[in-house]
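The values are calculated or read from the model by the stated rules, or taken from the named source; none is laboratory data. The shown structure was predicted, so the numbers you read here are calculated from the model rather than taken from an experiment. In this analysis, Cβ positions are derived from the backbone assuming ideal geometry, glycine residues included, and neighbour counts consider all displayed protein chains. Side chains included, ligands, DNA and RNA excluded: accessible areas come from the protein's heavy atoms. Shrake-Rupley method; radii C 1.70, N 1.55, O 1.52, S 1.80 Å.
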Amino acid sequence: MKSRVVERFKFEAAHTAVIEGQAEEIHGHTFRLEVTVEGPLRSGYVIDFLQLRAIVEEVIKKLDHRNLNRLFENPTTENIALWIAGEVGKRLPEGVKLHRLRLWEGDENGVEFEF
């Protein structure tokens, strides 16, 4: 049996995405992140909430209060989410895998990836 653990986070950042060849004005968001990991139950849990929180916070501290254009060629929400997924996935313990990642750009707009 596999179980899933979900943690939510937020960070602040600014960006200028290029959409259909046009750069937007630089603007900022409160990004909301939801990370779901999956794995077998071991001793009654998949991963300690605190361990997962530490892993994700290590990744998003690189984005928090930053101009994302200095980190990404085109910092669309999709590109940011995929980068976060890759970084989190590399840090998860053996047997635990990333199942879903949702990244909200403000309250209304978001992307979701399932792995």
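Kindly indicate whether any position in region 30-39 is outside any strand (DSSP E or B) and within 12 Å of Val5 (Cβ to Cβ). Within region 30-39, none of the residues are outside any strand (DSSP E or B) and within 12 Å of Val5 (Cβ to Cβ). State whether the residues of region 37-51 include one that is touching a residue at least 60 places away in the same chain (Cβ under 8 Å), touching a His at 6+ places or on another chain (Cβ under 8 Å) and either within 24 Å of His99 (Cβ to Cβ) or not basic (Lys, Arg) (or both). Within region 37-51 (the criterion being touching a residue at least 60 places away in the same chain (Cβ under 8 Å), touching a His at 6+ places or on another chain (Cβ under 8 Å) and either within 24 Å of His99 (Cβ to Cβ) or not basic (Lys, Arg) (or both)), the answer is yes, since at least one residue qualifies.
Might you check whether a residue that is farther than 15 Å from Phe115 by Cβ, open to solvent by 70 Å² or more (accessible area, probe 1.4 Å) and among the polar types (S, T, N, Q) occurs anywhere in region 39-48? Scanning region 39-48, I find at least one residue that is farther than 15 Å from Phe115 by Cβ, open to solvent by 70 Å² or more (accessible area, probe 1.4 Å) and among the polar types (S, T, N, Q), so the answer is yes. Within region 92-101, can one find any residue that is open to solvent by 60 Å² or more (accessible area, probe 1.4 Å), among the basic types (Lys, Arg), farther than 15 Å from Lys2 by Cβ and at pLDDT 95 or above? Checked against the condition, which is being open to solvent by 60 Å² or more (accessible area, probe 1.4 Å), among the basic types (Lys, Arg), farther than 15 Å from Lys2 by Cβ and at pLDDT 95 or above, region 92-101 yields no hits at all. Against the test of being exposed (fewer than 12 other Cβ atoms within 10 Å of the Cβ), farther than 28 Å from Glu94 by Cα and over 10 Å from the mean Cα position of the chain (by Cα), the options Arg70, Arg66 yield a single qualifying residue, Arg70. Among the residues of region 102-111, the one identified as assigned to a loop (DSSP other than H, G, I, E, B) and either touching a His at 6+ places or on another chain (Cβ under 6 Å) or crowded, with 16+ Cβ neighbours inside 10 Å (or both) is Gly106. Being open to solvent by 40 Å² or more (accessible area, probe 1.4 Å), of a type outside the set (S, T, N, Q), more than 30 Å from Glu20 (Cα to Cα) and part of a helix (DSSP H, G or I) is a description that applies to Glu57.
It is to be established whether one or more residues within region 75-90 are of a type in the set (Lys, Arg) and either surrounded by 15 or more Cβ atoms within 10 Å (Cβ to Cβ) or more than 21 Å from Phe115 (Cα to Cα) (or both). No: zero hits. The residue that is farthest from Leu71 (Cα to Cα), among those in region 1-33 that are aliphatic (A, V, I, L, M) and open to solvent by 20 Å² or more (accessible area, probe 1.4 Å), is Met1.
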